[in-house]
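See structure below.
The values are calculated or read from the model by the stated rules, or taken from the named source; none is laboratory data. Fair warning: this is a prediction, and the values are worked out from it, not measured in the lab. Don't worry about glycine lacking a Cβ; one is built from the backbone with ideal geometry, like all the others, and counts go over all protein chains shown.
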Amino acid sequence: MEKFARNRLNDDMSEKKISRTPRHLAVLCLVNWDRERQAVQPHIEAMIYRAPFAAGDRHLAVMMVQGVLRQMQYLDAIISRFARHPLAKMKPLTLMALRVGAYQLLFLDRVPDSAAVNETVKVLQAERQPKWIVSFANAILRNISRQKEELPGLDTAGKNGRAVLNHPAWLVKRWQQRYGVEKTGEICRLNNQEPFLALRANTLSSDAQSLIRLFSEAGVKAHEGRYATDALILDSQAGPVAGLPGYDRGFFHVQDEAAQLVTKLLGPFEDRGLYLDACAGLGGKTCQLAQLVPAGAQLFAVEPSRHRFQLLQENLQRLGLEKRVGIFQGRVGEKGTDKFHGILVDAPCSGTGVIRRHPDIRWNRRPRDLRMYQRQQVEILRQAANLLLPGGILVYATCSMEPEENEQVIEIFLSGNREFSVSNARHFLPGAAAELVNSAGFFSSTPAQGLDGFFGVRLVRASG
C-alpha cells in the first residue's frame, strides 16, 4: 500500500510539468491526503521533498501542510465567518487552498499578508479553476487579512464561544472521560503546537553534556532531558536534523524521552544474553538497545516494511552500530527458532500519543481502528512470547494513549499466559521517571508531561 501510494504520487508529478511553488505543492499534498485519509508523510516525501526547492521553500511547504492539519478546525471556523457557501460542499482543492491561505495569515508572522493571499490565489489559477472560484477565494482571504486583529482566538472561536481543540469530537470525548476536561484541553493545546526536538546521545561515541556544548558552539541551544539520562532537548527550531553538528559522525539520533524510557524496561541485560527488537521500525529503540546490551550479548531486530527496513539500515550505519545488530526484513517468528532472554515489542498502534509530531493522525483514525489494532497487538505479543526463554523479559510498548491498545491488551494476554507476571516499571527507570509509572506498575506518559504519549509494561516469564 505504501509503495503503491508513492508510485501513484510520482505518476501525478510526472503528468504535470507545471512549475509549482511551495504553496501549490502544499495545497495538492493536502488534497491527496484528504482523498485517502492515510498517513500524510508519503505525500510530503513524494511531492515536496523531491521538488527542486531551496531548503527554506521546502521547509515552508511542509510547515503549511502540518500547520493546516494542526489547526484545521480553527481555520474552518474562521473561513466560515466569511464564506456564504458551506465548507462541506466546497471542492477539496478550493477548501485546502483557503486553509493554506488562512494558516499563513493567522499563524505565519514572517509571511506578508499580500504574499499569503496572492500566492495562494495563484494556486487556483494554476489549477485552471473557474474565475468565480478564484474571485471567491481571493475575497475571503482578503477579508481575513483585513479583520484578523478582531477575529476570535482558539479559546473562543468555537460554537457558543467555546474553545477550538482541533481534534475530532470522538477522541476529545474519550480523553475527557479519562483525563478530565482541563487535562484534555492541555493535551490538545500541546498537540496543536510545533513540537520540540528530542535527541538521544549515542553513548558509544558521545554524551548529552558534550552534545550540548557542541551545539552551543554552533549557536544551537539545548538542555538535558528531564527524565531520561541520555536525552537532550533543543530549545528552539534549528533547521533540518541532518544539519546539526555531530549528525554525520553519528553522535545522536532523534528519540523522545518517553521512547527512551520504555526501552530501558528490557534491562538489566545479561553478559551473554540474546535479545530481540520484534518491531524495529526506523530503529530508534534498536539503536538504543545496541548501545545498552553488553559486548558479549547478541541483538537482533525485525521489521516487515521494506521502506522502514532500509531506513533502519541507514540509521544503524550512521551511528556506527551495524555490526552490533543482526537485522531481518520480515515479521516476528518468521526467521529462526532461537529463544531470547529479552524481547521488545513496540507494537503497531493508533499513534494517538504522538499526534503533536504527526498531526494527521487525529484525522486519520476512527474509533473502530482501536479494536483492529488490539487484535494485531495481542497476536504479535503472543508470537513474541513463544520465542522467550523461561525467566525472560517481554516488554510491550505503544505510542497510544488508548486503553484498548494498552491495559486491555495486557489483560487479554495475561489471561491466556499464566506463566507471565507484571514487573513494576518503576524499579528499572531513573528516579525522576517514577511519576510516570502508575499504581499497576505500568509506564504511562502524556503530552501534558512534556513527553510523547507512551505506554510500556515489563512482563516476566516464570523460570520454572
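Might you check whether a residue that is among the acidic types (Asp, Glu) and buried (at least 21 other Cβ atoms within 10 Å of the Cβ) occurs anywhere in region 320-342? Steps first, please.
Step one: list which residues in region 320-342 are among the acidic types (Asp, Glu), which gives 322, 334, 338.
Now drop any that are not buried (at least 21 other Cβ atoms within 10 Å of the Cβ), which leaves none.
Looking through region 320-342, none of the residues is among the acidic types (Asp, Glu) and buried (at least 21 other Cβ atoms within 10 Å of the Cβ).
For region 137-159, enumerate the residues that are in a loop (DSSP other than H, G, I, E, B) and among the β-branched types (Val, Ile, Thr).
Hit for region 137-159 is 156, nothing else.
Quick grid of which residues meet (1) surrounded by fewer than 24 Cβ atoms within 10 Å (Cβ to Cβ); (2) touching a residue at least 60 places away in the same chain (Cβ under 8 Å); (3) over 26 Å from residue 172 (Cα atoms):
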| site | (1), (2), (3) |
| --- | --- |
| 400 | no, no, no |
| 411 | yes, no, no |
| 414 | yes, no, yes |
| 419 | yes, no, yes |
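Tell me which residues, restricted to region 137-150, are surrounded by 15 or more Cβ atoms within 10 Å (Cβ to Cβ) and free of Cβ contacts under 8 Å to residues at least 60 places away in the same chain.
137, 138, 141, 142, 145
How many residues, within region 169-224, are over 30 Å from residue 72 (Cβ atoms) and either among the β-branched types (Val, Ile, Thr) or without any contact (Cβ under 8 Å) to a residue 60 or more places away in the chain (or both)?
21
Residue 427 passes all but one of (1) out of contact with any Lys or Arg (no Cβ under 8 Å at 6 or more places or on another chain); (2) under 21 Å from residue 186 (Cβ atoms); which number fails?
Of the numbered conditions (1) out of contact with any Lys or Arg (no Cβ under 8 Å at 6 or more places or on another chain); (2) under 21 Å from residue 186 (Cβ atoms), the odd one out for residue 427 is (2).
Sort out which residues of region 49-73 are small (Gly, Ala, Ser) and modelled with pLDDT of 95 or more, and write them in order of number.
Passing the criteria: 61, 67.
With the requirement that a residue be of a type in the set (S, T, N, Q) and farther than 17 Å from residue 358 by Cα, what does region 446-464 give you?
449, 463
Name the single residue, out of those in region 277-293 being within 18 Å of residue 392 (Cβ to Cβ) and in contact with a Leu (Cβ under 7 Å, 6 or more places away or on another chain), that is surrounded by the fewest Cβ atoms within 10 Å (Cβ to Cβ).
My answer is 293.
Which one of 222, 198 is among the aliphatic types (A, V, I, L, M) and out of contact with any Phe, Trp or Tyr (no Cβ under 9 Å at 6 or more places or on another chain)?
Only one candidate qualifies: 198.
At least 2 residues that are within 22 Å of the chain's Cα centre (by Cα), more than 22 Å from residue 153 (Cα to Cα) and without any contact (Cβ under 8 Å) to a residue 40 or more places away in the chain in each: list the helices (runs of 4 or more DSSP H) lying fully within region 44-136 that qualify.
Those helices (runs of 4 or more DSSP H) span 55-70.
Residue-by-condition table, conditions (1) among the hydrophobic types (A, V, I, L, M, F, W, C); (2) assigned to a loop (DSSP other than H, G, I, E, B); (3) not assigned by TED's automatic domain parsing to the domain that holds residue 398:
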site	(1), (2), (3)
209	no, no, yes
223	no, no, yes
228	yes, yes, yes
246	no, yes, yes
270	no, yes, no
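Going by the structure shown, is residue 241 β-branched (Val, Ile, Thr), within 19 Å of the chain's Cα centre (by Cα), surrounded by 22 or more Cβ atoms within 10 Å (Cβ to Cβ) and farther than 21 Å from residue 77 by Cα?
no
Consider residue 166 against the criteria (1) under 23 Å from residue 23 (Cα atoms); (2) part of a helix (DSSP H, G or I); (3) touching a residue at least 60 places away in the same chain (Cβ under 8 Å): it satisfies all of them except one. Which criterion is unmet?
For residue 166, the exception is condition (2).
Restricting to region 230-244, count the residues that are in contact (Cβ under 8 Å) with a residue 24 or more places away in the chain and either part of a helix (DSSP H, G or I) or assigned by TED's automatic domain parsing to the domain that holds residue 433 (or both).
Result for region 230-244: 1.
Quick one: in region 64-94, which of the residues that are among the aliphatic types (A, V, I, L, M) and touching an Asp or Glu at 6+ places or on another chain (Cβ under 8 Å) is surrounded by the fewest Cβ atoms within 10 Å (Cβ to Cβ)?
87
Checking residue 439 against (1) of a type in the set (Gly, Ala, Ser); (2) out of contact with any helix residue (DSSP H, G or I) (no Cβ under 7 Å at 6 or more places or on another chain); (3) crowded, with 23+ Cβ neighbours inside 10 Å, which single condition isn't satisfied?
(3)
Quick check on region 151-182: of everything there that is surrounded by 13 or more Cβ atoms within 10 Å (Cβ to Cβ) and small (Gly, Ala, Ser), which residue is nearest to residue 400 (Cα to Cα)?
Result: 163.
Can you name the number of the only condition in (1) of a type outside the set (Gly, Ala, Ser); (2) part of a helix (DSSP H, G or I); (3) closer than 27 Å to residue 235 by Cβ that residue 176 fails?
(3) is the only condition that residue 176 fails.
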